[in-house]
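Asker: I'd like to ask some things about the structure below.
Please treat every number below as a calculation from the coordinates, not as lab data. As the structure is a computational prediction, the values presented were derived from the model and not from experiment. A quick note on method: Cβ atoms are made from the backbone with ideal geometry, for glycine too, and the neighbour counts reach across all protein chains shown.
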Amino acid sequence: EPEVTQTPSHQVTQMGQEVILRCVPISNHLYFYWYRQILGQKVEFLVSFYNNEISEKSEIFDDQFSVERPDGSNFTLKIRSTKLEDSAMYFCASNNPGRDYNEQFFGPGTRLTVL
Amino acid sequence: GDSVTQMEGPVTLSEEAFLTINCTYTATGYPSLFWYVQYPGEGLQLLLKATKADDKGSNKGFEATYRKETTSFHLEKGSVQVSDSAVYFCALGGRSKIIFGSGTRLSIQP
């Protein structure tokens, strides 16, 4: 069964460094998302992306964050200058506008640790 | 805005006990409702869903019914197993975004 994949599984970085988290959504999906989960807390929506542009973003998704679909398969989240509070699990998700139009399929997550 | 409130945890039960995790929601439209499960060290897995009022979602012995009149989507299972130990998230939404509750940690003792 097709699934969303994410790399790396764990990323450690120094405060102030740039990080890029990568996702490969399910191949025929058209809507893409990033969520984050700070340790022990709830999962929070960051951004949705469709037709090569941002559809919606939360107030968490400030100027330090950007997303890109650089080719036909990858979907990336960039954090320009990481802060300690960016430490979290980041989940990518994708959606198929067909049969399961209201369901998002989640990847396994990337754990980001900012030191 | 839309929101989800679910029962605080942790919940500790003995094996074969009956499980209920309460979830209520606030929404302006008619969103789909979901239960996700997160096993230790893993990502989010969709457990079940319901897309309209009175729909019942079910999977792996878990059930939840979309109740518009009480704005609820309580998760139930008749007989829990140790392997059900995980964090359970109630959620609403659909294609635009999914809004999650705070999660309920469930621990099943043998």
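Asker: Using r as the Cβ-Cβ distance of B:S107 and A:E85, and R0 as 30 Å, what FRET efficiency do you calculate, to the nearest 0.05? List each step's numbers first, then the result.
Answerer: Details: r = 29 Å, r/R0 = 0.96.
The value I calculate is 0.55.
Asker: Continuing with the same structure: Counting partner chain Cβ atoms within 10 Å of every residue's Cβ in A:31-44, what's the average? Provide the component values of the computation, followed by the final result.
Answerer: Numbers: counts 2, 0, 4, 0, 4, 0, 6, 0, 0, 4, 3, 10, 11, 3.
Counting Cβ atoms of other protein chains within 10 Å of each residue's Cβ and averaging gives 3.
Asker: Also, I was wondering about something else. In angstroms, what radius of gyration and Dmax does the range A:1-56 have, counting Cα atoms only?
Answerer: 13.3, 39
Asker: From zero outward in steps of 10 Å, how is the percent of C-alpha pairs of chain A spread across the bins?
Answerer: With 10 Å bins starting at 0, P(r) equals 15, 50, 30, 5, 0.
Asker: A further question follows. Could you count how many Lys pairs in the range B:1-82 have their Cα atoms under 19 Å apart, skipping same-chain pairs fewer than 8 positions apart? Numbers along the way, then the final one.
Answerer: Numbers: B:K49/B:K60; B:K49/B:K68; B:K49/B:K77; B:K52/B:K68; B:K56/B:K68; B:K56/B:K77; B:K60/B:K77.
Step by step, the pairs that qualify in the range B:1-82 add up to 7.
Asker: For the range B:20-85, count all C-alpha to C-alpha pairs, find those more than 14 Å apart, and express that count as a whole percent of the total. All intermediate terms of the calculation are to be shown ahead of the outcome.
Answerer: Details: 1241 of 2145 pairs.
Counting every Cα pair in the range B:20-85, those more than 14 Å apart make up 58 percent.
Asker: Count neighbours as other Cβ atoms within 10 Å of each site's Cβ, and list the GluC sites (Glu not before Pro) in the range A:1-76 that are DSSP loop with at most 14 such neighbours.
Answerer: On the way: sites: A:E3, A:E18, A:E44, A:E53, A:E56, A:E59, A:E68; in loops: A:E3, A:E18, A:E59.
Filter output for the range A:1-76: A:E3, A:E18, A:E59.
Asker: Let me ask something else. Using the Cα atoms of the protein assembly as shown, I'd like the radius of gyration and the largest Cα-Cα distance, Dmax, both in angstrom.
Answerer: In Å, with Rg to one decimal and Dmax whole: 17.6, 50.
Asker: Additional query: Report relative contact order for chain B in percent, whole number only (criteria: Cα-Cα under 8 Å, sequence separation at least 6). Display every interim value, and only then the final one.
Answerer: Working: 287 pairs, mean separation 40.4, N = 110.
Taking the mean separation of contacting Cα pairs over the length of chain B, I get 37 percent.
Asker: Report the residue, chosen from B:S72, B:S32, B:S83, that carries the largest GNM mean-square fluctuation when chain B is represented by alpha-carbon nodes joined by springs under 10 Å.
Answerer: It is B:S83.
Asker: Which three lengths, in whole Å and largest first, does chain B cover when its Cα atoms are put on their principal axes?
Answerer: Here the Cα extents, ordered largest to smallest, are 42, 27, 21 Å.
Asker: Another question, then. Within 10 Å of each Cβ of A:11-23, how many other protein chain Cβ atoms are there on average? Don't skip to the answer; put the middle values down first.
Answerer: Numbers: counts 0, 0, 0, 0, 0, 0, 0, 0, 0, 0, 0, 0, 0.
Per-residue shielding by partner chains comes out at 0.
Asker: Loop-only trypsin sites (Lys or Arg not before Pro) in the range A:53-97, please: DSSP not H, G, I, E or B, and at most 11 other Cβ atoms within 10 Å.
Answerer: Numbers: sites: A:K57, A:K78, A:R80, A:K83; in loops: A:R80, A:K83.
Passing sites in the range A:53-97 are A:K83.
Asker: For the range B:47-110 and the range B:5-40, compute the distance between their C-alpha centroids and round to whole Å.
Answerer: With the range B:47-110 and the range B:5-40 each reduced to a Cα centre, they are spaced 5 Å.
Asker: From other protein chains only, count the Cβ atoms within 10 Å of every residue's Cβ in A:101-108, then give the mean.
Answerer: Partner-chain Cβ atoms within 10 Å, mean over residues of A:101-108: 6.
Asker: Right, here's the next one. Two decimals is fine: what's Rg over Rh for the range A:66-115, C-alpha atoms, Kirkwood radius as Rh? Before the final figure, lay out each step's value.
Answerer: Working: Rg = 13.6 Å, Rh = 12.8 Å.
Rg/Rh: 1.06.
Asker: Can you list the GluC sites (Glu not before Pro) in the range B:14-69 that are in a DSSP coil and have 13 or fewer other beta carbons within 10 angstrom?
Answerer: Details: sites: B:E15, B:E16, B:E42, B:E63, B:E69; in loops: B:E15, B:E16, B:E42, B:E69.
Passing sites in the range B:14-69 are B:E15, B:E16, B:E42, B:E69.
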